[in-house]
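Inspection log for the structure reproduced underneath, given as C-alpha cells.
The values are calculated or read from the model by the stated rules, or taken from the named source; none is laboratory data. Everything numeric in this text was worked out from a predicted model, so none of it was measured. Glycine also receives a Cβ, built like all others from the backbone with ideal geometry; neighbour counts cover every protein chain displayed.
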Amino acid sequence: MRILDDILHLIYPNCCIGCERELAKSEDYLCSICSLEISPTNFHLYTEPTEMDKLFWGRKEVHQTYAHLFFEKEKASQSILFSIKYKSSPDLAVYFGEKIGHVLQSIPKFKQVDAILPVPLHPKQLFIRGYNQSLALAEGLHQSFSAPVNEKAIIRSVHSESQTKKTRFQRWDNVGTIFKVNKSIEKYKHVLIIDDVITTGSTVEAMMNALHEVNPNLLISVVTLAIAK
C-alpha cells in the first residue's frame with residue numbers, strides 16, 4: 001500500500017493551490033510560504049464589534065457573526081476561494097469548514113444553534129458548478145460543531161445574475177426576492193447561515209428577510225470563510 005501511494009504521488013503530486021509547488025507530506029493544500037499570506041481575522045478574540053458585525057448595522061439584527069479570514073486579491077485567500085468556488089474542490093471547503101467549527105466552539109453565542117443553513121444555489125447554478133460550496137463548508141463545520149445541516153430549509157427559487165461587478169444597491173436589487181423558506185423553519189430558535197465569502201452581505205440579508213417572514217423571532221447568526229477586506 002505504501003508503494004502504491006508513492007507511485008500515485010509521483011503521477012499525481014499534491015500541489016499548493018497558491019503557487020502550485022509540490023507540497024511536503026506535512027502540508028495540506030497550501031505550502032508553508034503561501035500559508036503565511038493568509039490573514040486570519042481573529043474575530044473570535046475581539047471584545048469590540050468586528051468588521052463583520054458592522055457590515056449589518058442599520059440593516060438586520062444579527063445574533064452573532066464570524067469570518068475566518070480576510071479575502072485579499074493576488075494572495076493565498078483568493079486562491080482558496082477560487083478553488084472552492086470554481087475548481088470543484090469540496091474537500092477543501094470541508095477542510096476549512098471543520099477549522100471554522102473548532103473556532104465556533106469557543107464563542108458562547110454559538111452554543112445554542114439549532115441548525116446550519118448553507119447559502120443555497122439555484123438548481124441551474126448547481127448544475128453548472130457541480131456542487132454547492134457553502135454546503136461543503138457546512139458539512140465540514142458539522143464535523144467539529146454539533147448542529148445539524150439543513151440544506152432544504154431555504155431554497156433559491158430564482159436564478160440571479162453574478163454579483164461580482166455589481167454595486168451594493170444592484171446586489172440587493174438582484175437578490176431581494178429570490179428565496180423561498182420551508183415551514184419547518186418555524187421549529188427553530190437559532191440558526192447559523194454559512195457562506196464562502198461575504199462582500200456587501202446583500203445575499204445573506206435577503207436570506208434573513210425571507211427567514212424572518214416565516215419565523216419573526218428566529219435568532220440568526222452569520223458565518224463566512226472570508227470577508228472582503
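Observations, loosely collected:
- Qualifying residue in the stretch 176-191 (condition: of a type in the set (S, T, N, Q) and either touching a strand residue (DSSP E or B) at 6+ places or on another chain (Cβ under 6 Å) or at pLDDT 95 or above (or both)): no
- Qualifying residue in the stretch 89-96 (condition: out of contact with any Pro (no Cβ under 7 Å at 6 or more places or on another chain) and not in a helix (DSSP H, G or I)): yes
- Matching residues, the stretch 102-125, being in a loop (DSSP other than H, G, I, E, B), under 15 Å from the mean Cα position of the chain (by Cα) and in contact (Cβ under 8 Å) with a residue 60 or more places away in the chain: Val119
- Taken over the stretch 29-63, the criterion of being of a type in the set (Ser, Thr, Tyr) and crowded, with 16+ Cβ neighbours inside 10 Å is satisfied by Tyr29, Thr41, Thr50.
- The stretch 178-201, residues that are touching a helix residue (DSSP H, G or I) at 6+ places or on another chain (Cβ under 7 Å), crowded, with 17+ Cβ neighbours inside 10 Å and not in a strand (DSSP E or B): Ile178, Ile185, Thr200, Gly201
- Single match in Ser144, Ser134 (criterion: farther than 18 Å from His63 by Cα, under 16 Å from the mean Cα position of the chain (by Cα) and at pLDDT below 95): Ser144
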